[in-house]
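As structure tokens, the structure follows; a few thoughts come after it.
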Amino acid sequence: MSNSKSFEPACPLPASKMKTVQLAHGGGGRLMQDLIQEVFVRAFDNSMLAPLHDGATWPVEKGTLAFTTDSYVVRPLFFPGGDIGSLAVHGTINDLAMCGAKPLYLSAGFILEEGLSLDVLQQVVNSMAKAAQAAGVSIVTGDTKVVDRGKGDGIFINTAGVGLVPSGVRVLPTLIRPGDAILVSGDLGSHGVAVLSVREGLMFSGDVTSDSAPLHEVVGDLIESGIEIHCLRDLTRGGLASALNELAVAAKVGMAIDESAVPVLEPVRGACELLGLDPLYVANEGRFVAMVPESQAETTLAVMRRHAVSGQAARIGTVTDRHAPPVVLRTVLGTHRILDLLSGEQLPRIC
């Protein structure tokens with residue numbers, strides 16, 4: 001005991017009022033319970049969440065259940081037009097909508113980094129709650145884990161969703177047929193450019209904001225209008241080009257696309273030209289492509305244009321029976337090029 005300064009007593013329990021996430025917030029004790037009650041339960045409050053059980057239960061109506069899951073690691077957490085919280089809700093809702101389902105319930109799993117500001121966490125959670133409420137869905141169960149400082153990049157979010165597909169509705173890649181019209185719901189590339197502008201501190205002429213938005217209402221309107229939807233796909237990572245290639249291979253068909261018909265905002269087009277990006281490969285979070293019979297193309301566009309999120313819907317091509325190569329683009333110059341899958345990643349950490 002020659003050196004009395006070698007012993008420095010410390011309380012094993014962190015103070016209850018913290019400004020940042022601590023490892024103890026993921027330890028299953030008092031701080032974790034406080035975090036759940038004060039942040040998550042307060043924001044997502046509903047009768048199915050209230051029991052705080054290991055899961056949620058509900059009766060099933062007539063129809064087919066759809067189930068999906070996704071994870072979100074976007075950097076930065078906040079960007080023009082959205083944030084990681086609203087993005088997680090919109091993305092999961094949209095995955096259900098692409099199955100023809102009405103979204104019902106979501107789960108939310110959080111990987112939090114030690115040292116994350118609780119104010120930032122609260123802002124993200126409130127954004128999720130607002131997005132879910134606006135879309136008419138409930139977040140009914142979830143999980144929280146905390147990782148060491150420097151190991152989690154702030155917040156990672158995993159969401160899962162359950163929805164109900166009405167009886168008689170089938171929306172599948174294998175239903176795509178030669179002769180189908182290929183429609184896109186709006187302009188492309190805004191989400192990727194918006195995230196990149198904040199990440200890299202870039203400024204472009206004209207305001208570019210993320211297109212992040214829920215798509216279930218326009219899809220529901222298409223179904224209620226009697227449109228024979230063969231397939232839907234939201235245009236996230238890899239953009240339009242990747243989605244078309246995936247669908248063409250799955251359906252064993254070809255696709256002929258007219259570049260001049262593909263809507264791209266001028267600020268987005270200019271930013272892509274400056275940075276050497278192709279807007280057809282840039283991620284979106286509120287856009288989808290639809291394949292419908294040729295005879296219903298104009299009716300489908302009219303229904304889509306009734307909704308703000310798809311007000312700029314356009315026909316961009318036709319499904320063909322030639323599937324080698326899967327997707328061919330007719331350029332604005334009148335030439336043709338293969339629209340292939342990317343070998344790498346244009347913009348990582350975009351969703």
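The values are calculated or read from the model by the stated rules, or taken from the named source; none is laboratory data. The structure presented is a predicted model; accordingly, all values stated were derived computationally and were not measured. Reconstructed Cβ throughout: ideal geometry from the backbone, glycine too, with neighbour counts over all protein chains shown.
Number of residues in region 108-135 that are of a type outside the set (A, V, I, L, M, F, W, C) and more than 19 Å from the chain's Cα centre (by Cα): the value is 6.
Scanning region 6-25 for residues that are assigned to a helix (DSSP H, G or I), out of contact with any Pro (no Cβ under 6 Å at 6 or more places or on another chain) and modelled with pLDDT of 85 or more yields LEU23, HIS25. Take the conditions (1) touching a Gly at 6+ places or on another chain (Cβ under 9 Å); (2) not in a helix (DSSP H, G or I); VAL289 misses just one of them, which is (1).
Is one or more of the residues making up region 264-280 in the same structural domain as ARG199 (by TED's automatic domain parsing), small (Gly, Ala, Ser), modelled with pLDDT of 95 or more and part of a helix (DSSP H, G or I)?
no
Quick check on VAL195: is it surrounded by 15 or more Cβ atoms within 10 Å (Cβ to Cβ) and not assigned by TED's automatic domain parsing to the domain that holds THR92? Against the criterion (surrounded by 15 or more Cβ atoms within 10 Å (Cβ to Cβ) and not assigned by TED's automatic domain parsing to the domain that holds THR92), VAL195 qualifies. Scanning region 301-339 for residues that are among the polar types (S, T, N, Q), under 22 Å from THR236 (Cα atoms) and in contact with a Pro (Cβ under 9 Å, 6 or more places away or on another chain) yields GLN312, THR318. Only one of the listed residues (ALA213, ALA243) is part of a helix (DSSP H, G or I), under 22 Å from the mean Cα position of the chain (by Cα) and either in the same structural domain as CYS99 (by TED's automatic domain parsing) or crowded, with 20+ Cβ neighbours inside 10 Å (or both). That residue is ALA243. Being under 14 Å from GLU246 (Cα atoms) and more than 28 Å from the chain's Cα centre (by Cα) is the filter here, so list the residues in region 323-351 that pass it. Answer for region 323-351, where residues must be under 14 Å from GLU246 (Cα atoms) and more than 28 Å from the chain's Cα centre (by Cα): HIS323, ALA324, PRO325. The single residue among VAL73, VAL41 that is touching a strand residue (DSSP E or B) at 6+ places or on another chain (Cβ under 7 Å), β-branched (Val, Ile, Thr) and under 22 Å from ALA88 (Cα atoms) turns out to be VAL73.
Remark: pairs (first residue in region 340-351, closer than 11 Å to GLY239 by Cβ; second residue of a type in the set (A, V, I, L, M); Cβ separation under 7 Å; 6+ apart in sequence or on different chains) = GLN346/LEU277; GLN346/VAL282; LEU347/LEU196; LEU347/VAL282; LEU347/ALA283; ILE350/VAL74; ILE350/VAL195; ILE350/ALA283. When the residues of region 270-288 are filtered to those that are touching a residue at least 40 places away in the same chain (Cβ under 8 Å) and not hydrophobic (A, V, I, L, M, F, W, C), the one that is nearest to ALA88 (Cα to Cα) is GLU285.
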